[in-house]
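This report concerns only the one structure given below.
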Amino acid sequence: MPYEPSGGYRIDHDRNQREHRERLYWLTLASGVINAVMVPLHLAELETAFVGPLIGGVIGSLLVAGMKGSTDGYFRSLVDTGLSWMAFGLGLAMLLLWIDSNTSLMDRLVPGFDRLAGNSLLLALVLGLLFHAGYAFAYMRDRLPFGGDDVAQ
């Protein structure tokens, strides 16, 4: 029997890419849920064995969002929305850190600001949460019947 390179085992590259993109959408949403769980765990100072993999998942999601890789334009638009929300949060945090946090006005505007200002991991988790919230907002907006463009349906 002669060898036929296109016979028998065929790889559907388009289907594989579609499935990869769908995994990226859902993994980014799942890491947002993990990020939301990590904030109260960190505030409660719970140090357990599963905190490391959870933070690793959030970090991995943010790193993947920062790389183009084999993503499509729709994923990039979701990431752009998330990054816009995160940039807004970072700008607001920088403004609040620049203002004297010992004033009574700052204590009234942002309760617990001293804890946020003195804890860089908490600030990073909150910024990551803002990214995931913006990403999820854009994702859900496109899937609701009255949402944005009918790109994802």
With respect to Phe137, determine if the residue is among the aromatic types (Phe, Trp, Tyr) and modelled with pLDDT of 90 or more. yes
Here is a list: Leu78, Leu62, Leu95. Which entry is under 30 Å from Asp14 (Cα atoms), assigned to a helix (DSSP H, G or I), of a type outside the set (Gly, Ala, Ser) and open to solvent by 50 Å² or more (accessible area, probe 1.4 Å)? Leu62
Complete set of residues in segment 34-79 that are in contact (Cβ under 8 Å) with a residue 40 or more places away in the chain, closer than 22 Å to Glu19 by Cα and not hydroxyl-bearing (Ser, Thr, Tyr): Val58, Leu62, Val64, Ala65, Asp72, Phe75, Leu78, Val79
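The values are calculated or read from the model by the stated rules, or taken from the named source; none is laboratory data. From a predicted model like this one, the values you see are computed outputs, not experimental measurements. Positions of Cβ are generated from backbone atoms using ideal geometry, with glycine treated the same way; all protein chains shown enter the neighbour counts. For accessibility, only protein heavy atoms count, side chains too; no ligands or nucleic acids. Shrake-Rupley method; radii C 1.70, N 1.55, O 1.52, S 1.80 Å.
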